[in-house]
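Right, one structure below, let's go through it.
The values are calculated or read from the model by the stated rules, or taken from the named source; none is laboratory data. No experiment lies behind these values; they were computed from the predicted model shown. Virtual Cβ from ideal backbone geometry, glycine too; neighbours counted across all protein chains shown.
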Amino acid sequence: MAYLPDDLPGPEPTIDDRPFWDACRMRELRFQRCADCGRFRHPPAPVCARCGSRRSNWVRAADEAELFSFTVVHHAADDAVAASVPYNVAIVLFPSFDGVRLVSNVVDCAADELRIGMRLSLVWEVAGDGVPLPRFRRAVGG
């Protein structure tokens, strides 16, 4: 069973984040890194905020992630997710990637079990239009 409704549409990629979503289609989580100074950035951007370079590459995410912050939604902002409340919206931190943060959800975990700093592992959930979305669950021993 999907964490959120099966009929929710997937993302509409932009010119800047298309490589991110293309990698997700291959079930790979990748983050943009400046090809000149090496700084990671997310969300993707056309120019590095540190050095101003327009050159970048895409690096597969490390397996280490942790819960940076979260909220539990009890009042749906849209009727499309009303049947799914309560659900969490999580900010997932990748410490070895310059602290890149990704907004996602932690699945298979009750709201009262979520803890800041808990170790997470990546899982994939397919959106209504077939795009795999990165989700997370509590890591073994996490």
Worksheet item: Taking Ala90 and the conditions (1) small (Gly, Ala, Ser); (2) assigned to a strand (DSSP E or B); (3) more than 13 Å from the chain's Cα centre (by Cα), which numbered condition does it fall short on, given that it satisfies the others?
Response: (3)
Worksheet item: Which residue pairs have Cβ atoms under 7 Å apart, sit 6 or more places apart or on different chains, and have a first residue in the stretch 112-139 that is in the same structural domain as Glu66 (by TED's automatic domain parsing) and a second that is of a type in the set (Ser, Thr, Tyr) and part of a loop (DSSP other than H, G, I, E, B)?
Response: Glu125/Tyr3; Arg135/Tyr3
Fill in: Any pair with Cβ under 8 angstrom, 6 or more apart, that starts in the stretch 1-18 at a residue that is without any contact (Cβ under 8 Å) to a residue 60 or more places away in the chain and ends at one that is surrounded by 15 or more Cβ atoms within 10 Å (Cβ to Cβ) and assigned to a loop (DSSP other than H, G, I, E, B)
Asp16/Pro44; Asp17/Pro44
Worksheet item: When you look at Val140, is it surrounded by fewer than 12 Cβ atoms within 10 Å (Cβ to Cβ) and of a type in the set (A, V, I, L, M, F, W, C), yes or no?
Response: yes
Practice prompt. Could you please find all residues in the stretch 44-99 being in contact (Cβ under 8 Å) with a residue 60 or more places away in the chain, within 23 Å of Asp17 (Cα to Cα) and among the aromatic types (Phe, Trp, Tyr)?
Written response: Phe94, Phe97
Discussion item. Being modelled with pLDDT of 95 or more and of a type in the set (A, V, I, L, M) is true for just one of Ala35, Ala62. Which residue is that?
Written reply: Ala35
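Kindly provide the set of residues from the stretch 3-17 that are within 26 Å of Pro44 (Cβ to Cβ) and either exposed (fewer than 15 other Cβ atoms within 10 Å of the Cβ) or under 16 Å from the mean Cα position of the chain (by Cα) (or both), ordered by number. Show your work before the answer.
So the first thing to find is which residues in the stretch 3-17 are within 26 Å of Pro44 (Cβ to Cβ), and the list is 3-4, 8-17.
Listed by number, the residues that qualify are Tyr3, Leu4, Pro9, Gly10, Pro11, Glu12, Pro13, Thr14, Ile15, Asp16, Asp17.
Conditions tested, residue by residue: (1) among the polar types (S, T, N, Q); (2) touching a strand residue (DSSP E or B) at 6+ places or on another chain (Cβ under 7 Å); (3) closer than 26 Å to Glu12 by Cβ; (4) in a loop (DSSP other than H, G, I, E, B).
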{"site": "Asp98", "(1), (2), (3), (4)": "no, yes, no, yes"}
{"site": "Val103", "(1), (2), (3), (4)": "no, yes, yes, no"}
{"site": "Asp112", "(1), (2), (3), (4)": "no, no, no, no"}
{"site": "Val123", "(1), (2), (3), (4)": "no, yes, yes, no"}
{"site": "Gly128", "(1), (2), (3), (4)": "no, no, yes, yes"}
{"site": "Phe136", "(1), (2), (3), (4)": "no, yes, yes, no"}
{"site": "Val140", "(1), (2), (3), (4)": "no, no, no, yes"}
Fill in: Answer residue from the stretch 23-59, given it is within 14 Å of the chain's Cα centre (by Cα) and over 18 Å from Phe136 (Cβ atoms) and is surrounded by the fewest Cβ atoms within 10 Å (Cβ to Cβ) among those
Arg25
